[in-house]
1. Pairs only if they're at least six apart or on different chains, beta carbon under 7 angstrom, first in the range 30-58 and over 15 Å from Leu75 (Cα atoms) and among the polar types (S, T, N, Q), second open to solvent by 70 Å² or more (accessible area, probe 1.4 Å) and not in a strand (DSSP E or B); list them, first residue then second.
2. Residue check: is Glu105 open to solvent by 90 Å² or more (accessible area, probe 1.4 Å), within 22 Å of Asp148 (Cβ to Cβ) and touching a strand residue (DSSP E or B) at 6+ places or on another chain (Cβ under 8 Å)?
3. Residue check: is Ala146 open to solvent by less than 40 Å² (accessible area, probe 1.4 Å), out of contact with any helix residue (DSSP H, G or I) (no Cβ under 8 Å at 6 or more places or on another chain) and over 24 Å from Ala12 (Cβ atoms)?
4. Anything in the range 81-106 that is under 16 Å from the mean Cα position of the chain (by Cα) and modelled with pLDDT under 85? List them, or say none.
5. Which number in (1) out of contact with any strand residue (DSSP E or B) (no Cβ under 8 Å at 6 or more places or on another chain); (2) loosely packed, with under 13 Cβ neighbours inside 10 Å; (3) of a type in the set (S, T, N, Q) marks the one condition that Asn17 misses?
6. Consider the range 33-78. How many of its residues are open to solvent by 60 Å² or more (accessible area, probe 1.4 Å), under 15 Å from the mean Cα position of the chain (by Cα) and farther than 25 Å from Val106 by Cβ?
7. Among all residue pairs at least 6 apart or on different chains, which show Cβ distances below 9 Å where the first residue, located in the range 116-145, is part of a strand (DSSP E or B) and the second is loosely packed, with under 14 Cβ neighbours inside 10 Å?
8. Could you check the range 114-132 and list, in sequence order, the residues that are open to solvent by less than 50 Å² (accessible area, probe 1.4 Å) and out of contact with any strand residue (DSSP E or B) (no Cβ under 6 Å at 6 or more places or on another chain)?
Amino acid sequence: HFALKSDSLYIASQNGNLHRNFMGYSTNATKLLVGLGASSISDTWTAFGQNIKSVEPYMKRVNEGHLPIYRGHLLTEEDLLVRQHILNIMCRSYTEWSKETAEAEVLNMAMSRLKEMAEDQIVDLDDDTIRVHDHGKPFIRNVCMALDARMWRKKPETTLFSSTI
């Protein structure tokens, strides 16, 4: 992701106003993203919905006057928590939390996964903060994966849709 210093994305990143959604980085924070077309994904902030993947069945469903949703997922409290911290890291290279909250357990597990990155000086870890160094930004998706409790519990056996460096 590249932007000129005069670009709105760069300015938003410097001001702490950057946002990220399925389409990538944005200067507009919204909790609703409507996916139009076959295989597109909608995000209502508390749920995801994916449209039918093939064009013909998608069009048939739309022409019948129905939503062409193929599958969906309602986010749990933990999903929402993890999502917010991942967004903080992706958009601000930093996240923090209170040690007394329920989120501490999920984030403590992430902290243990990030120890090697801290040793490599990719991130700084404190009791309740994660900060990505500027030279660690190429690895920011790896940092975020450490927070993805759902992924770690599932431990995928196949290649993920996208891979990190």
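The values are calculated or read from the model by the stated rules, or taken from the named source; none is laboratory data. Computed from a predicted structure; not experimentally measured. Backbone-built Cβ (ideal geometry, glycine too); neighbour counts: all protein chains shown. Heavy atoms of the whole protein, side chains included, go into the accessibility calculation; ligands, DNA and RNA do not. Shrake-Rupley method; radii C 1.70, N 1.55, O 1.52, S 1.80 Å.
1. From residues that are over 15 Å from Leu75 (Cα atoms) and among the polar types (S, T, N, Q), the pairs are Ser39/Lys53.
2. No.
3. No: the conditions fail for Ala146.
4. If the condition is that a residue be under 16 Å from the mean Cα position of the chain (by Cα) and modelled with pLDDT under 85, then Val106 is the only one that fits.
5. It is condition (2) that Asn17 fails.
6. 0
7. Close Cβ pairs satisfying both conditions: Leu125/Lys115; Asp126/Glu96; Thr129/Glu96; Ile130/Glu96; Arg131/Glu96.
8. If the condition is that a residue be open to solvent by less than 50 Å² (accessible area, probe 1.4 Å) and out of contact with any strand residue (DSSP E or B) (no Cβ under 6 Å at 6 or more places or on another chain), then Ile122, Leu125 are the ones that fit.
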